[in-house]
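**Student:** Have a look at the structure that comes next, please.
The values are calculated or read from the model by the stated rules, or taken from the named source; none is laboratory data. The model shown is predicted, which means the values in this text are computed figures rather than measured ones. Using ideal geometry, Cβ is built from the backbone for each residue, glycine included, and neighbour counts are taken over all protein chains shown. Each accessible area value is taken on the protein alone, full model and side chains, heavy atoms only, with ligands, DNA and RNA left out. Shrake-Rupley method; radii C 1.70, N 1.55, O 1.52, S 1.80 Å.
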Amino acid sequence: MMNEHQDDGTDIDRVAILAEIYTRNRLRIEAQLPRLNIRQEFEHIAAVRAWRIHYDRHHDRLRAEILAQQRAKFGDGWGYSAGGRWALNILTEQALRASYAKP
C-alpha cells in the first residue's frame, strides 16, 4: 500500500523566511502597527512551506495509487462521477496527512 514518506524540511530557506519577517516588521513599525512575534511567524511560515513541499512531492503519486486501488476494488469507472472525484480528493488528502511528519 502507501508507504510513509518524511520530508525533513531541508528545502525550506530559513534565512529567506527571517528576512521576510524582518522586512514585514520594519513596515509595521513605519505604519505604527505592533511588531510580529518573530518566532511564532517563523514557525508558522516554515510549517506552511513544509506542508507545501510534502504536498507537491507526494500528491500525484498518492492520488494515482488510490485511484488504482479503488478501480481495482470497484471497477474501471470509479472516479469519473462528481462523487467519485470528491471521494478521490478526500482519500488523497487523508493519505497525505497520514504520511506527513512535521519537520
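**Student:** Take the solvent-accessible surface of the protein heavy atoms, probe 1.4 Å, and return the percent of it on the chain that carbon and sulfur atoms account for.
**Tutor:** Solvent-exposed carbon and sulfur of the chain make up 53 percent of the total.
**Student:** Which value in nm describes the separation of the simple spin-label points at Arg39 and Arg26, placed 7 Å from the Cα toward the beta carbon?
**Tutor:** It works out to 2.5 nm between the two label points.
**Student:** Do the sum for the chain: with -39,500 (n - 2.57) for every DSSP H run of n ≥ 4, divided by all residues, what is the mean residue ellipticity at 222 nm, to the nearest 500 deg cm²/dmol?
**Tutor:** Only helices count here, giving -24500 deg cm²/dmol.
**Student:** When ligands, DNA and RNA are left out and all protein chains stay put, how many square angstrom of accessible area per residue does the stretch 42-103 have with a 1.4 Å probe?
**Tutor:** Ligands and nucleic acids excluded, the result is 64 Å² per residue.
**Student:** First select every other residue whose beta carbon is under 13 angstrom from the beta carbon of Glu41; then total the charges, Lys and Arg +1, Asp and Glu -1.
**Tutor:** +4
**Student:** Tell me, what is the FRET efficiency for Ala68 and Ser99 to the nearest 0.05, using R0 = 22 angstrom and their Cβ-Cβ distance as r?
**Tutor:** For R0 = 22 Å, the calculated efficiency reads 0.85.
**Student:** Between Asp13 and Asp60, what FRET efficiency comes out of the Förster formula 1/(1 + (r/R0)^6) with R0 = 22 Å and r the beta carbon distance, rounded to 0.05?
**Tutor:** Once rounded, the FRET efficiency stands at 0.40.
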